[in-house]
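Visitor: Here's a structure for you.
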Amino acid sequence: MKSFKKSILLIIGTTALIGFSHQTASASTLSTTPGAAWRYVSKKANYNVLSTSTKYKSIWAKATKGWINNGFKWKKITSTSKTTLNTYSNTNTLNVAGRTDTQYDLSTGRIISNKVYLNRAALDKYGYTTTQRVNVAMHELGHALGLAHNSKGSVSVMNPSNRYYEIKTPDVKGLKKQYSTTISSDVISTSENIVTVTSYTYVPGTESSSDQDSTTTVDANGIATTISYNSSSTSSSTSTKTATSSLKTSKVTYSSKTKKLTVSGTASSGISKVKLGKTTAKVNKKHHFTVATKISGYKTWTLKGLKSGKTLATKKITTSQYVTPSGLVQNVSTGKKYAAYTISTSFKKGELSLYRKGKFVKKVAVKNSKAKFKLAKSAVTKKAKWTYKLNTSTTKQSKAQSLLIPVKKVGQSYAVSY
């Protein structure tokens, strides 16, 4: 276990992505799954299941047993525990299947608390089997006990896009390595040494562009700052033309009830039909068309303009055109007079509208999938009921989302990794 100094560099991994097909294992599987910056004092910990349904109690039982069988002694208790396992159902963030909130001491890496969740709404929407839900639960527990990610495409429960893998040999090796040293359980944690890290599980095509690892540094005053390295977000809609043929879209909508993607627009002369997914629709005499197809999972779709079965033009329909824009708090740093926010969004450009008790306060530009702003610490309270809405040039505003209220003590920070 590495020593933790006051000025520290943390590598924070993303959690499992929801997938719709089996992943192909690559030769890049790390022989030993890396460790995170936190761990328990020893290779054992108590936990309390807060889930009330029989189904999820069973899922948590199987997930903890999976780790017990591979060397980590999870013990279920009914009294208060530093580690809790629970579920929630949030249809406003269907791109998030689960999360783990880990609070730990920067000076030792010792875990102070763990809150592990699964999002029932997302798991139900994308048809996860019981076994696959157990795999996601084991992945989250892996983060809770101190494991980071194995490589993309790896055969590992800590595969960043895991849906199908249980605990494998690299994970067992990673567990042994993470707990091969000892740490003190007698150190008294001070506010300037505490950091809270949150990990999310995403749906492909809707994940935040900040889905790479993050680094966290702590300055001389003990204030933690998180910097995320971003991948490129989904590109804007473009059309590919054959000769002079083209397609223009005027409206793109998605219904969560029917699970249908509907596209309306106009086609140039010569195009008699359009095709979206497996559905074909006619172009009328005024060159207008409407086509609807049932989809499973968010991704970029291709609209085709046809004549006699031949494709004359195509147009990409990206997730930014039909998925309700969403945002997640990436980082909140608490200073002496202010709280600095970074909101990570599911789209590249747009704006964020900030409200206090339902009244508009200000707008913040979204650039490269981020909105950054500061609020006076004295104004950021639960009673103030801060919320925000997101808007892009191609979709309507999303529903109001609550703004995370940061801890009050200077030197504590919420660092969110994707």
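No lab work stands behind these numbers, since they all come straight from the coordinates. Because the structure is predicted, anything quoted here is derived from the model rather than measured. Positions of Cβ are generated from backbone atoms using ideal geometry, with glycine treated the same way; all protein chains shown enter the neighbour counts.
Visitor: Full extension from Asn284 to Lys57: what is 0.36 nm times the residue separation minus their Cα-Cα distance, to one decimal in nm?
Guide: Net length gain for the segment: 76.2 nm.
Visitor: Here's something else I'd like to know. Along the range 252-268, what does the Karplus equation 6.51 cos²θ - 1.76 cosθ + 1.60 (θ = phi - 60°) give for ³J(HN,Hα), rounded to whole Hz, x for Gly and Pro?
Guide: My calculation for the range 252-268 gives 10, 9, 9, 9, 6, 6, 8, 6, 10, 9, 10, 10, 10, x, 10, 10, 6 Hz in order.
Visitor: What's the ranking of 329-337, 358-366, 274-282 by average number of surrounding C-beta atoms within 10 Å, highest first?
Guide: 329-337, 274-282, 358-366
Visitor: What are the semi-axes of the equivalent ellipsoid for the range 17-174, taken as the square roots of 5 times the Cα gyration tensor eigenvalues, largest first, in whole Å?
Guide: Three semi-axes, in Å: 22, 21, 14.
Visitor: Also, I was wondering about something else. Given +1 on the Cβ of Lys and Arg, -1 on the Cβ of Asp and Glu, and no further charges, what dipole in debye does the range 58-123 carry about its Cα centre, rounded to the nearest 20?
Guide: Using Cβ point charges on Lys, Arg, Asp and Glu, the range 58-123 gives about 280 debye.
Visitor: For the pairs Lys43/Lys115; Lys115/Lys336; Lys337/Lys383; Lys359/Lys382; Lys357/Lys382, note any where the Cα-Cα span goes beyond 21 Å.
Guide: Listed pairs above 21 Å: Lys115/Lys336.
Visitor: Given R₀ = 41 Å, FRET efficiency for Lys259-Ser42 by Cβ-Cβ distance, to 0.05?
Guide: E(calc), rounded to 0.05, equals 0.30.
Visitor: What is the range 239-317's relative contact order, in percent, from Cα pairs under 8 angstrom and six or more apart in sequence?
Guide: Taking the mean separation of contacting Cα pairs over the length of the range 239-317, I get 33 percent.
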